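Please treat every number below as a calculation from the coordinates, not as lab data. Everything numeric in this text was worked out from a predicted model, so none of it was measured. Note that each Cβ is placed from the backbone with ideal geometry, even for glycine, and that neighbours are counted across all protein chains shown.
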């Protein structure tokens, strides 16, 4: 049925206004032609359209590219291209690809433009899931709102892992969209998988328990089952024969001799269609004493002292194994870092330590020394975020190199000249300078020459050219060079001032006599300039003089090739000098003692300067103004302790009296360590596809605890095994740690569900809000449980689910087809079409206007006659 519609019908109110105006101002508007012209223009402004029925199709193909499809993408696109080409030129066609999410590959366009626009996408959605509902939603949004028979062609195996496709198809049908489903997928898949690895969440140390691996297969397959604990073999591999549709269960008995958290994996070694589902994992927590993880690059000085304390189980670990660290952290209550440089802890490991303390209520103790709190230490790292102190930031350095260019520097040692090795050392040293440092270069023989005036770091290429231009020639005059170096550095404004003098000696008796070493040593000290003297020759006179001037900064160099390392070592020691306080320094107690209560401190021979954070409690102080030696604070749900000196070296020998060392650190570990679970509370985490459900049961004295305000804080995987291809990768979990509120579902029972998109272990900390006003974030930590998310549901079943596809296509005018060829017999439905006819009224108004003008001209001529 055809009819006239108006895009802007409100403008039609101008018609009666025009009629009224014609009556009132008839004299000025003229006759009927003028009125008709005005009426036609008003109708044209209202955008009249001629409504009719059309048979045009707008079709979006939704192609399932998930892992269970085993799709040959180029072949599938070729088949789609042939199907799209069968549409009429006035039709529209588009393409959406979907897996765990959906993405538009081709927005609706004319079939005539397919050759230019339909190409294999650069990146497909993640294959570890199937969200058919999202695909239908995205495809329906791509279709034009009217004027076409709107269709979504779903090509899938129907095995959805997320969303509700039936509901989404019904919503699309309500909007006038037809869903045509076509079964696509492998007919038969010969695959074996580890369906489940059952294990208890918690056991006691020494208590026997059993694990059970459940295996499944779609065909007659023989495979080898391997079960590991923390990456090591837990039992000899065994051969298993699997039958289709018959689950096979394999049990393993085990027990623990020490507390901790252990990660089991059951893996099938088999050549089957899908490798992603050949491994399942489980986590078992062994409960007992306080579990202390001790991380040290060398021999752990304090580990034996802590291990001797009652109720402590200490596990030493080297910093070079991030994956072992990730599992060990989850099973520990406290981590001790003894002199571990930040460079030996990868960034993901540092982030994992910070999050573990903050989000699970564990403890961190960092024993100091230059490697921890000095340059190259924890400054600006996630470890510093967790500690109660800030590492002192580097001070500005003015460095001047005095380079001997006398003739003897051209001598070769092991095939390289001394001057060439010195040039290389200078370039390496300049590259190690920080932003804001100053650098100068003197070249001296008979007279010193300023090659690079003391100032900002020079350009490396320009400096290399200047060094290359230094040619060895002449005698060695040390005194003028030292004089000029002292003069330049005395005028520098940097907090640290240092000169590195490089020479091979070769001085005469007269030159040695002119060099007044004692006077130079005093003048350098008075000007606060430190000296490093690197001697590449074997001149005893020069060696004695330079050793007198530089003191501990003097180093004889046998091989000039070692100059590069000696330059960098001199630079490191110079910058360290600003951080390290050496010499006998008394230690005094602070105002609020908890860790050091009842322990009288002695004195230190060295420590690293740090700055206490505003909310930290400083228990021991040294120096004036005071520097924190022992500090503690609350960090999120956890606690951290910082000690600015070393343990077991000459620095701290005089600090401890009697058993003070063991007492203090035992108290520190007990204060910082994660508290034991609160009696009366139990929790479990169960995997449900890409989600996990945490259940907490609470009772006390035989009565259920109701009305609790419980929150679960979830720490996602950060240092787990590599992800399966196509899955979200560990190390960068979406959104990081998350919190969910638990709601009461039964007497004494609380539940919550959270997304688990990443494979690996999830550690869930249960917090009771408002239970301890002075506690962490106004809540009380109850307990921590762990569970592992294994492979995605995408890899659990294969083949076409026709019943699911039929249910999806059951919506309004939907249909389950057998192949793409069946689309040719799907007649396009009738759709409401609209044809603009405003141009008719515009042309009519123009014709009437011309006629009106002609009529007025003719009438004017008649009146003149």
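Tabulated data
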{"item": "Protection proxy ranking, peptides 341-352, 171-182, 302-313, average beta carbon neighbours within 10 Å, highest first", "result": "171-182, 341-352, 302-313"}
{"item": "Alpha-carbon centroids, segment 619-669 and segment 778-822: separation in whole Å", "result": "55 Å"}
{"item": "Principal axis dimensions, segment 519-584 - Cα atoms, whole angstrom, descending", "result": "35, 28, 21"}
{"item": "By average C-beta atoms within 10 angstrom, highest first, the peptides 204-210, 65-71, 108-114", "result": "65-71, 108-114, 204-210"}
{"item": "Contact order normalised by residue count of the chain, Cα under 8 Å, 6+ apart, percent", "result": "15 percent"}
{"item": "Gain in span if fully extended, residue 825 to residue 843, counting 0.36 nm per residue against the direct Cα distance", "result": "2.2 nm"}
{"item": "Mean Cα-pair separation over length for segment 600-680, i.e. relative contact order, pairs under 8 Å, 6 or more apart, %", "result": "30 percent"}
{"item": "Rg over Rh [alpha-carbon atoms, Kirkwood Rh] for segment 609-707", "result": "1.19"}
{"item": "Beta bridge orientation in the chain: antiparallel %, DSSP, nearest 5", "result": "65 percent"}
{"item": "Simple spin-label estimate for residue 527 and residue 459 in nanometres, 7 Å along Cα-Cβ", "result": "3.0 nm"}
{"item": "Estimated D of segment 192-287 in µm² per second, where Rh is the Kirkwood radius over Cα pairs and Stokes-Einstein applies at 37 °C, 0.692 mPa s", "result": "240 µm²/s"}
{"item": "On Cα atoms only, tilt of 838-864 relative to the major axis of the chain in degrees", "result": "60 degrees"}
{"item": "Segment 738-761 versus segment 105-176: alpha-carbon centroid distance in Å", "result": "32 Å"}
{"item": "Burial order of peptide ranges 232-243, 418-429, 637-648, 554-565 (average beta-carbon count within 10 Å, highest first)", "result": "637-648, 418-429, 554-565, 232-243"}
{"item": "Mean Cα-pair separation over length for segment 397-576, i.e. relative contact order, pairs under 8 Å, 6 or more apart, %", "result": "27 percent"}
{"item": "q = 0.09, 0.16, 0.20 Å⁻¹, segment 321-464: log10 I(q)/I(0) [Debye, one scatterer per Cα]", "result": "-0.49, -0.86, -1.11"}
{"item": "Between helix 478-490 and the chain: long-axis angle, C-alpha atoms, 0 to 90°, nearest 10", "result": "50 degrees"}
{"item": "Cβ-derived FRET efficiency at R0 25 Å, residue 287 paired with residue 739, nearest 0.05", "result": "0.50"}
{"item": "Debye log10 I(q)/I(0) for the chain, one point scatterer per Cα, at q = 0.05, 0.06 Å⁻¹", "result": "-0.53, -0.69"}
{"item": "Inter-part distance where segment 539-590 and segment 430-460 are each reduced to a Cα centre, Å", "result": "20 Å"}
{"item": "The chain: angle of helix 132-142 to the longest principal axis, Cα-based, in degrees nearest 10", "result": "60 degrees"}
{"item": "Rg over Rh [alpha-carbon atoms, Kirkwood Rh] for segment 428-568", "result": "0.93"}
